[in-house]
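One structure is given below, encoded as structure tokens.
Read the figures in this text as sums done on the coordinates, not as results from a lab. Predicted model only: the values in this text are computed from it and were never measured. Positions of Cβ are generated from backbone atoms using ideal geometry, with glycine treated the same way; all protein chains shown enter the neighbour counts.
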Amino acid sequence: MAFNIKGRLSFEHIFTPSSTEGSEPTFSCSVLMPKGSAEVKKVEAEMMRVATEKWGAKGKEVLARLIKGGKTCLRDGDTKEYDGYAGMDYVTARNPVKPSAFDKNGEETEKADGLIYSGCYVQARIELWAQDNKYGRRINAKLLGVKFEKDGDAFASGSGPAKATDFDVDDEPSDDGKKPWE
């Protein structure tokens with residue numbers, strides 16, 4: 001069952017897939033949410049629903065083991081040394097298929113627009129699913145789309161594309177009387 005969570009976007013790979021450790025490239029992101037927030041509680045409730053659906057009466061026990069082992073899509077931000085993660089929980093979601101991306105008005109947006117970047121605030125549409133196969137048991141999140149909500153300070157690794165106003169306009173020569181490109 002798909003649902004929305006609101007939070008701050010991190011490790012944005014919405015428009016271009018990325019690969020880690022030689023894995024198949026996927027579209028992905030993490031969404032940061034304050035610990036104990038209503039958004040975190042929604043994810044926790046959905047993890048319980050998915051675990052119970054997959055493992056029946058043992059769902060609660062299996063989920064507790066998965067959480068303890070770090071094998072769920074919801075994790076503790078205090079375990080990471082990244083800007084913005086302290087005091088937060090985060091969901092990491094992936095999809096081999098490109099997710100949709102929208103501006104605040106619901107219009108489609110692309111990478112070149114510079115609207116969606118690591119550090120902005122979004123609504124993310126995700127769907128949780130239980131994995132139980134030769135690779136082990138997990139609760140994963142599938143990324144279906146994101147909708148821009150508001151700007152935030154960009155994380156260093158995820159700045160949006162440069163805008164014309166980011167560049168110097170002065171054409172003054174340096175101390176040696178030459179322009180930098182001469």
Where does the longest stretch of the chain lie that holds no trypsin sites (Lys or Arg not before Pro) found in a DSSP loop with 14 or fewer other Cβ atoms within 10 Å? 36-103
Just in the stretch 1-109: which GluC sites (Glu not before Pro) are loop by DSSP and have at most 16 other Cβ atoms within 10 Å? 21, 81, 107
Relative to the longest principal axis of the C-alpha atoms of the chain, give the angle of the C-alpha long axis of helix 59-68, reported between 0 and 90° and rounded to the nearest 10°. 40 degrees
If one compares the long axis through the Cα atoms of helix 38-55 with the longest principal axis of the Cα atoms of the chain, the angle in degrees, nearest 10, works out at 40 degrees
Unsatisfied cross-links (Cα-Cα over 22 Å) in the set 71/150; 54/80; 41/71: 71/150; 54/80
Counting as exposed only chymotrypsin sites (Phe, Trp or Tyr not before Pro) in DSSP loop states with no more than 13 other Cβ atoms inside 10 Å, the longest exposed-site-free span of the chain is 1-134
